[in-house]
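Q: Sharing a structure here in structure tokens format.
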Amino acid sequence: MQEMKPLSIQSYLSYNEIDKLLDGVEYIMMASPSLIKDAHPIHFTIILNTSDPIPKEIEPLILEKFCREHAITQTSHLLSNLERIAFAMTSQDTPMPRHLIDDTEAHTIPWKLLHIIDFLGDSEGFKEAKDGLSGWSYSYN
């Protein structure tokens with residue numbers, strides 16, 4: 001198996017660059033290997049391009065839609081909330097979304113408050129994540 005090196009962050013987008021990047025974006029889908037032993041193998045994060053609160057009765061319908069469209073099964077460890085998202089420039093073509101949890105870090109890196117749906121699951125369509133790789137894709141209106 002080939003050893004993969006972590007992506008190196010070169011810089012972060014500014015507040016204005018984040019707004020430009022998100023213009024026309026409906027959502028961003030991220031998949032990475034789960035870090036929880038004996039849990040579902042893939043950690044999914046769906047970043048919705050909205051800072052508006054999503055009504056609690058709508059949240060399960062959104063998750064259900066994404067799971068159906070991406071053949072995601074057996075979900076667990078669900079988090080659905082407004083969170084700080086920064087965008088890092090790496091060697092990849094598109095900026096990497098990064099969930100900022102640390103308050104100190106959030107004071108030094110530009111970010112935008114966006115609604116995320118974060119959960120563990122499984123899907124045959126994300127073989128790379130099962131093989132140890134992480135990735136993301138932007139979906140446009």
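Q: Rg (Å, one decimal) plus Dmax (Å, integer) for the alpha carbons of the stretch 75-114?
A: Both quantities, over Cα of the stretch 75-114: 11.8, 34 Å.
Q: Additional query: Which residue fluctuates most in the GNM of the chain (Cα springs below 10 Å): ILE54, ILE28, ILE46?
A: ILE54
Q: Net charge around ASP102, counting only other residues with Cβ within less than 14 Å of its Cβ (Lys, Arg = +1; Asp, Glu = -1)?
A: It works out to a net charge of -1.
Q: Find me the longest stretch of the chain that has none of the exposed GluC sites (Glu not before Pro), where exposed means in a DSSP loop (not H, G, I, E or B) with at most 15 other Cβ atoms within 10 Å.
A: On the way: sites that count: GLU3, GLU57, GLU124.
Result for the longest clean stretch: 58-123.
Q: Net charge around ILE62, counting only other residues with Cβ within less than 14 Å of its Cβ (Lys, Arg = +1; Asp, Glu = -1)?
A: The answer is -4.
Q: So if I place +1 on the C-beta of Lys and Arg and -1 on the C-beta of Asp and Glu, and nothing else carries charge, what would the dipole magnitude of the stretch 32-141 be about its Cα centre? I want it in debye, nearest 20.
A: In total the dipole reaches around 80 debye.
Q: Work through the residues other than THR75 whose Cβ is under 12 Å from its Cβ and net out their charges, Lys, Arg +1 and Asp, Glu -1. Let's see the in-between values first.
A: On the way: positive: ARG68; negative: GLU64, ASP118, ASP122.
Local charge sum for THR75: -2.
Q: What number do you get for the stretch 64-141 when its Cα radius of gyration is normalised by 2.2 N^0.38 Å, N = residues?
A: Working: Rg = 14.2 Å, N = 78, 2.2 N^0.38 = 11.5 Å.
Working it through for the stretch 64-141, the quotient is 1.23.
Q: At a 1.4 Å probe radius, carbon and sulfur cover how many percent of the accessible area of the stretch 1-136?
A: 54 percent
Q: Then there is this: Under 18 Å Cα to Cα from LYS20, which lysines show up? Leave out anything in the same chain fewer than 8 places away.
A: Cross-link targets: LYS112.
Q: Same structure again: Rolling a 1.4 angstrom probe over the protein heavy atoms, how many square angstrom per residue are accessible across the stretch 1-73?
A: Heavy-atom SASA per residue in the stretch 1-73 reads 68 Å².
Q: Hey, of (1) 1.04; (2) 1.47; (3) 1.09, which did the structure itself give for Cα Rg over 2.2 N^0.38 Å when calculated?
A: Structure-derived value, by its label: (1).
Q: Something else now. Please list, in order along the stretch 97-110, the HN-Hα scalar couplings obtained from phi with the Karplus expression 6.51 cos²θ - 1.76 cosθ + 1.60 (θ = phi - 60°), rounded to whole Hz, x for Gly and Pro.
A: x, 9, 6, 8, 9, 6, 4, 4, 5, 5, 7, 10, 10, x
Q: Something else now. Go ahead and estimate [θ] at 222 nm for the chain from helices alone: -39,500 (n - 2.57) per DSSP H run with n ≥ 4, summed, over the residue count, rounded to 500.
A: Helices in the chain give a 222 nm mean residue ellipticity of -4500 deg cm²/dmol.
The values are calculated or read from the model by the stated rules, or taken from the named source; none is laboratory data. Note that the structure is predicted; figures quoted are calculated from it, not measured. All Cβ positions, glycine included, derive from the backbone under ideal geometry; neighbour counts span all protein chains shown. The protein model used for the area step is the full one, side chains on, heavy atoms only, and it has no ligands, DNA or RNA in it. Shrake-Rupley method; radii C 1.70, N 1.55, O 1.52, S 1.80 Å.
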